[in-house]
Amino acid sequence: MMQADASAVRVGAARDVSYEVVHTTRGVFDLQENTLAARAGGRDVLIVVDHRVHQLYGDDIRRYGARRLRLAGIALVDGTEDAKSWAQVERVCAAALERRLPRDGVIVGVGGGSALDIAGLAAAVFRRGVAYVRIPTTLVGMVDVCVGIKHAVNFMGEKSALGAFYPPACGINDLSLLRTLPPRQISCGLAEIIKIAMVRGERLFDTLEAHVDALLRSRFQEPIGVALEVAVDAERLMAGELAPNLFEACRSRLVDFGHSVSPRLEAAAGFRLPHGEAVAIDMALSTALSVERGLCSDRVLDRLLHLCDRAALPVTQTLLTAEELWRCLQEVRRHRRGAINLVVPLAVGHAGFLQEVTPDEIAAAARLIDARVHPPSGPVHAGAGF
């Protein structure tokens with residue numbers, strides 16, 4: 001029997017992580033809505049707001065803060081993807097320090113995914129971690145960002161190079177905030193919903209096929225019952241996939257569907273290609289690769305392309321060649337412990353992984369998509385390349 005090293009001191013601990021994503025019955029900043037005030041619990045609060053969101057809702061936020069919260073202050077950030085930087089995290093931390101936010105204080109992030117990343121990373125590092133509450137104002141933020149525990153900013157031209165795993169205290173989703181979004185941002189949120197539906201939720205995919213036109217047109221306001229059902233189903237499926245692997249000890253994750261080459265596409269476009277659109281292009285390519293391998297039917301690819309078309313999402317691109325996409329997949333190994341773990345659909349609602357692909361296979365998959373987007377008789381599916 002081996003003896004423990006007498007000079008070593010072993011430390012072991014387990015952390016219980018539990019948080020909720022709550023949907024409000026009124027507007028989150030309605031003075032009669034108790035959710036945010038209850039989660040703040042009388043503690044000092046610094047609200048971090050995307051400056052564009054502040055233009056729309058600043059008066060409501062300030063009124064709610066003054067009457068319902070112990071408001072330490074409001075800090076504005078630039079919530080665009082290309083401005084998602086460590087410098088902005090520092091500015092939030094500086095605001096927290098200037099307003100004397102205590103160790104038991106709360107940072108509340110209000111905005112899209114980039115603003116929530118900045119606020120969440122600041123919460124993770126300020127005073128070694130203060131409570132963090134998310135209030136997403138985009139569909140991507142609600143159904144994807146708000147469910148997980150990752151926060152990251154871009155660094156030296158690489159997307160999300162600096163970040164942390166830091167569980168929030170709570171996420172608060174208010175679908176009424178989506179009514180002011182541009183349609184393109186609704187489309188980007190739909191990409192994340194399609195993602196989780198393709199790998200885990202056949203029923204959700206069916207619901208999207210039945211209602212995506214109305215949801216996009218109304219910005220998830222009508223039919224409100226369906227909008228809430230779609231959002232909650234997507235969040236539950238996402239949570240079910242994330243919870244057993246919250247800190248990503250396992251790098252083979254179905255939620256990475258559409259997230260293998262999409263970060264490189266965004267960077268290649270100078271972050272002018274929205275995340276959801278890059279995800280849609282990645283999903284189409286991965287599904288076409290699955291068809292090329294004989295792992296799923298043409299019908300699966302056709303359903304995906306048609307749904308992306310109706311959601312106003314692109315499925316082709318001209319930024320990177322097949323060889324460059326292949327090299328991108330090799331780079332993915334750095335993040336997935338030496339494996340590609342490329343998620344590919346096997347059927348709607350079910351998925352598996354590919355560990356090797358070739359540049360020729362990628363080129364063939366791209367041609368397969370293009371043949372469906374631009375058939376000889378004329379276009380059937382939309383999806384203009386970026």
Which angle between 0 and 90 degrees, to the nearest 10, do you get for helix 51-68 versus the longest principal axis of the chain when only C-alpha atoms count?
40
Mind checking segment 198-306 for trypsin sites (Lys or Arg not before Pro) that DSSP puts in a loop (not H, G, I, E or B) and that have at most 14 other Cβ atoms within 10 Å?
R272, R293
Answer with one residue from C328, P274, Q55: the one whose Cα lies farthest towards the positive end of the charge dipole of the chain, charges on Cβ with Lys, Arg +1 and Asp, Glu -1.
Q55
I'd like the chymotrypsin sites (Phe, Trp or Tyr not before Pro) in segment 228-271 restricted to DSSP loop residues with at most 15 other Cβ atoms within 10 Å, sorted by number.
F247
Given axes a ≥ b ≥ c from the Cα gyration tensor, I'd like to know whether segment 278-323 is rounded (a/c under 1.5), prolate (a/b larger than b/c) or oblate.
oblate
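Please report, in debye to the nearest 20, how large the charge dipole of the chain is about its Cα centre when each Lys and Arg carries +1 at its beta carbon and each Asp and Glu carries -1 there. Can you show the working numbers first?
Working: 44 positive and 45 negative charges, 254 e Å.
It comes to approximately 1220 debye.
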What share of all Cα pairs of segment 21-180, in percent, falls into each consecutive 10 Å distance bin?
12, 46, 36, 6, 0
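Just order 112-122, 362-372 by mean Cβ neighbour count inside 10 Å, highest at the front, would you?
Values: 112-122: 28.7, 362-372: 18.4.
The peptides rank, most packed first, as 112-122, 362-372.
Sequence gap at least 6, Cα distance under 8 Å: using those rules, report the relative contact order of segment 277-386 to the nearest whole percent.
Values: 148 pairs, mean separation 41.0, N = 110.
The normalised contact order for segment 277-386 reaches 37 percent.
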Inter-label distance, nm, simple model (7 Å from Cα along the C-beta direction), F247/Q355
2.6
Where the centre of each part is set by its Cα atoms, how far does segment 54-72 sit from segment 183-240, in angstrom?
30
Rounded to whole angstrom, the alpha-carbon centroid of segment 247-307 lies from that of segment 85-135 at a distance of 31
Taking H placed 1.01 Å from N in the peptide plane, check which residues at least 5 places from L246 or on another chain put their amide H under 5 Å from its amide H.
none
Each label point is 7 Å from the Cα along the Cα-to-Cβ direction; what then is the distance between the points at S18 and W86, in nm?
3.7
re segment 337-377: pairs of Cα atoms spaced beyond 13 Å account for a percent value of 67
So what is the diffusion coefficient of segment 232-368 in µm² per second by Stokes-Einstein at 10 °C and 1.306 mPa s, using a Kirkwood Rh over Cα pairs?
104
Given points 7 Å out from each Cα along the Cα-Cβ axis, report the R43 to D59 separation in nanometres with one decimal.
3.2
Helix 322-332: angle to the longest alpha-carbon principal axis of the chain, degrees 0 to 90, nearest 10?
40
Starting from the Cα-Cα distance between R293 and L228, subtract it from 0.36 nm times their residue separation and give me the gain in nm to one decimal.
19.7 nm
5 angstrom amide H check on V21, placed H, neighbours 5+ away:
G171
Restricting segment 35-144 to trypsin sites (Lys or Arg not before Pro) in coil, as DSSP defines it, with at most 13 other Cβ within 10 Å
R100, R103
Row for the chain, column shape: gyration tensor on C-alpha, a ≥ b ≥ c, rounded if a/c < 1.5 i.e. under 1.5, prolate if a/b over b/c, else oblate; value oblate
Charge tally for neighbours of T24 with beta carbon under 10 Å away, counting Lys, Arg as +1 and Asp, Glu as -1, is -2
Computed from the beta carbon distance with a Förster radius of 45 Å, FRET efficiency for A364 and A164 to the nearest 0.05 stands at 0.70
So how tilted is helix 359-373 from the main axis of the chain? Cα-based, degrees 0 to 90, rounded to 10.
90
Normalised contact order of the chain, rounded percent, pairs of Cα under 8 Å and 6 or more residues apart
13
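Coordinate-derived values only; no laboratory data. Keep in mind that this is a model prediction, so the values were computed, not measured. Virtual Cβ from ideal backbone geometry, glycine too; neighbours counted across all protein chains shown.
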